[in-house]
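Q: Attaching a single structure in structure tokens format; questions to follow.
The values are calculated or read from the model by the stated rules, or taken from the named source; none is laboratory data. None of the values given here were measured: they were computed from a predicted structure. Note: ideal-geometry Cβ built from the backbone for every residue, glycine included; neighbour counts use all protein chains shown. Quick note on the areas: whole protein, heavy atoms, side chains included, nothing else; ligands and nucleic acids left out. Shrake-Rupley method; radii C 1.70, N 1.55, O 1.52, S 1.80 Å.
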Amino acid sequence: MGLNRRMRIIAGLLLVLVLGAGAGAQECGETVLDAVDSDRELTYFSKALRETSLDASLDGPGPYVVLAPLDSAFESITDGALLESSLKELIRGHILLQGSKEYLGLRPGDDVDFETLCGSDCAEVNVRIEGGQTLLNGGEARALETIRTCNGALVVIDGLLSPGAPAGDDDDDDDAGDYRDYDYSGDDYSGDDYS
């Protein structure tokens, strides 16, 4: 193969790579983060994403699966394990590492464990499709709605998932603070003037 032909092939490959990278950088439409922010029943989760600096990562290319608890789930916490969790650990436990294709491909009778962004510090999230419902962690929460976005899926759930950290794990180096220290009352999301 001549030098000129090799150079044309290399130049062509570089052009494809550059054009492909440019296409990925374009706006894709509604992202998972956009979907969270636009849902009036996910204001606590949206605020928690920002408080833990996890919001920026959900605006990227994905694919992400975010299990977003309704505000009512945050308001009704009585579980001691949840109250003892750091906010960052709690929110990381609601973001699945596997892409949306795997989650959206689940069928009735499937019973699958998904690793979360919390990694080995937390238990996996079990998803079971049973009786027309998507149950998480044996019924700890139910999926109410799944919203497909350009970079993944937002799954609105009716409860908070317990991180289930391994016993004796007291590593709080990168935590955003204890859940009870987080103040959700700073913003008023009621009324018709929501924007």
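Q: What distance in nm separates the simple spin-label points at D113 and R40, each placed 7 Å from Cα in the Cβ direction?
A: With each label placed 7 Å out from Cα toward Cβ, I get 4.1 nm.
Q: Ok, one more. Please compute the contact order of region 33-94 in relative form: average sequence separation of alpha-carbon pairs under 8 Å and at least six residues apart, divided by the residue count, as a percent. Please list the in-between numbers first.
A: Working: 38 pairs, mean separation 22.8, N = 62.
This gives 37 percent for region 33-94.
Q: If you don't mind, another one. Taking 7 Å along the Cα-to-C-beta vector as the label spot, tell me the L144-L104 distance in nanometres, rounded to one decimal.
A: The answer from the label model is 2.2 nm.
Q: State the three equivalent ellipsoid semi-axes of region 86-139, derived from the C-alpha gyration tensor as the square roots of 5 times its eigenvalues, in descending order and whole Å. List each step's numbers first, then the result.
A: Details: eigenvalues 90, 28, 14 Å².
For region 86-139, the ellipsoid semi-axes come out as 21, 12, 8 Å.
Q: Ranked from the most accessible area to the least, with a 1.4 Å probe and all protein chains present, what is the order of Y64, Y103? Write out the running numbers ahead of the final one.
A: Details: Y64 45, Y103 15 Å².
Descending order: Y64, Y103.
Q: Then there's this: May I ask you to derive the relative contact order of region 23-152, considering only C-alpha pairs under 8 Å and at least 6 residues apart, and to give it as an integer percent? The partial results should precede the final answer.
A: Numbers: 174 pairs, mean separation 33.8, N = 130.
That works out to 26 percent.
Q: Okay, next question. Within the accessible area of region 48-116, what % is carbon and sulfur when the probe is 1.4 Å and the other protein chains stay in place?
A: Taking all protein chains in place, region 48-116 shows 47 percent carbon and sulfur surface.
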